[in-house]
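Visitor: First, the structure itself, so that you have it in front of you.
The values are calculated or read from the model by the stated rules, or taken from the named source; none is laboratory data. Just so it is clear, the model here is predicted, and its values are computed rather than measured. So basically every Cβ, Gly included, is an ideal-geometry build from the backbone, and we count neighbours across all protein chains shown.
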Amino acid sequence: MEIVNRQARFNYTILEEVEAGISLKGTEVKSIRDGKANIRDSYAIIKNDEAYLLNMHISEYKEGNIFNHEETRTRKLLLHKKEILKLRDKIALQGLTLVPLKVYFVKNKVKVLIGLAKGKKTYDKRESIKERDIERNLQKNYKLR
C-alpha cells in the first residue's frame, strides 16, 4: 500500500528527498495497510533536535476497540542525528519546509518520504499545468498513431 501526496509536487518545488521511519501504534499500521491515511495537509517540523510529523490523518481501525489511536496526533520521525541537523540548517538558512511526499512499506515497516521543499508562486503553478496539458496531448496523439 502506498499513500501519495499529489498536491505537494504541485504546490512546492522539491529540492531534496529523505526517507524516514515513523513511530506508530499497532492500530495505525493496520489502518495504513487498509489505505485509510491522508498526508495532504501534513508537514514536518524539527523541535529539540527531533523531527515530528504533524496533521497526518490516519483513520481509526474499525476492529481496534479501546486501544485505538487519535487520528491526527503528532508522530515522531526516525532519522539519524546528522540528517536532522543537516535538514534543520537548510530550513533555517534557506527558508524551506519539510513536506511528506509518500507513505509506503519496506519489509513490513512504514516509511515516509520527506521532501525539502520551496513554495511555488502562482505563475509557476500555471506553468506546471500548461506543461502537464502539453504532455497529455502528446501522449494522446502518439497513442492515436
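Visitor: Filter the stretch 108-145 for residues that are closer than 29 Å to Lys47 by Cα, out of contact with any strand residue (DSSP E or B) (no Cβ under 7 Å at 6 or more places or on another chain) and either of a type outside the set (S, T, N, Q) or modelled with pLDDT under 90 (or both) and give the result. Walk me through how you get there before you give the answer.
Guide: So the first thing to find is which residues in the stretch 108-145 are closer than 29 Å to Lys47 by Cα, and the list is 108-121.
Still in the list and also out of contact with any strand residue (DSSP E or B) (no Cβ under 7 Å at 6 or more places or on another chain): 108, 121.
Within the stretch 108-145, just Lys121 meets the criteria.
Visitor: Is it the case that Gly64 is on the phi > 0 side of the Ramachandran plot and at pLDDT below 90? So that I can check it myself, show each step before the final result.
Guide: Details: on the phi > 0 side of the Ramachandran plot: no; at pLDDT below 90: yes.
Criteria not met by Gly64.
Visitor: Any idea which residue in the stretch 48-67 is surrounded by the most Cβ atoms within 10 Å (Cβ to Cβ), counting only those that are of a type in the set (Phe, Trp, Tyr) and more than 17 Å from Gly21 (Cβ to Cβ)?
Guide: The qualifying residue surrounded by the most Cβ atoms within 10 Å (Cβ to Cβ) is Tyr61.
Visitor: Does the stretch 33-40 contain any residue that is closer than 27 Å to Phe10 by Cβ, among the charged types (D, E, K, R) and assigned to a strand (DSSP E or B)?
Guide: Among the residues of the stretch 33-40, not one is closer than 27 Å to Phe10 by Cβ, among the charged types (D, E, K, R) and assigned to a strand (DSSP E or B), which makes the answer no.
Visitor: Any idea how many residues of the stretch 68-126 are part of a strand (DSSP E or B) and surrounded by 11 or more Cβ atoms within 10 Å (Cβ to Cβ)?
Guide: Pass one, the stretch 68-126, residues part of a strand (DSSP E or B): 75-78, 97-106, 109-119.
Within this subset, residues satisfying the condition of being surrounded by 11 or more Cβ atoms within 10 Å (Cβ to Cβ) are 75-78, 97-105, 109-119.
Residues flagged as part of a strand (DSSP E or B) and surrounded by 11 or more Cβ atoms within 10 Å (Cβ to Cβ) within the stretch 68-126 amount to 24.
Visitor: Now a separate question. Give me the residue from the stretch 9-39 that is charged (D, E, K, R), within 29 Å of Lys120 (Cβ to Cβ) and exposed (fewer than 15 other Cβ atoms within 10 Å of the Cβ) and, out of that set, farthest from the chain's Cα centre (by Cα).
Guide: Glu16
Visitor: Checking Leu78 against (1) in contact (Cβ under 8 Å) with a residue 24 or more places away in the chain; (2) farther than 18 Å from Ala37 by Cβ, only one condition comes out false. Which one?
Guide: (2)
Visitor: Follow-up. Checking Ile45 against (1) within 15 Å of Thr13 (Cα to Cα); (2) aliphatic (A, V, I, L, M); (3) surrounded by fewer than 17 Cβ atoms within 10 Å (Cβ to Cβ), which test does it fail?
Guide: (1)
Visitor: Would you mention how many residues in the stretch 40-52 are over 14 Å from the mean Cα position of the chain (by Cα) and either within 13 Å of Arg75 (Cα to Cα) or touching a residue at least 40 places away in the same chain (Cβ under 8 Å) (or both)? Lay out the reasoning, then the answer.
Guide: Here is the first cut: in the stretch 40-52, the ones over 14 Å from the mean Cα position of the chain (by Cα) are 46-50.
From the residues that got through so far, the ones that are either within 13 Å of Arg75 (Cα to Cα) or touching a residue at least 40 places away in the same chain (Cβ under 8 Å) (or both) too are 46-47, 50.
Here the count works out to 3.
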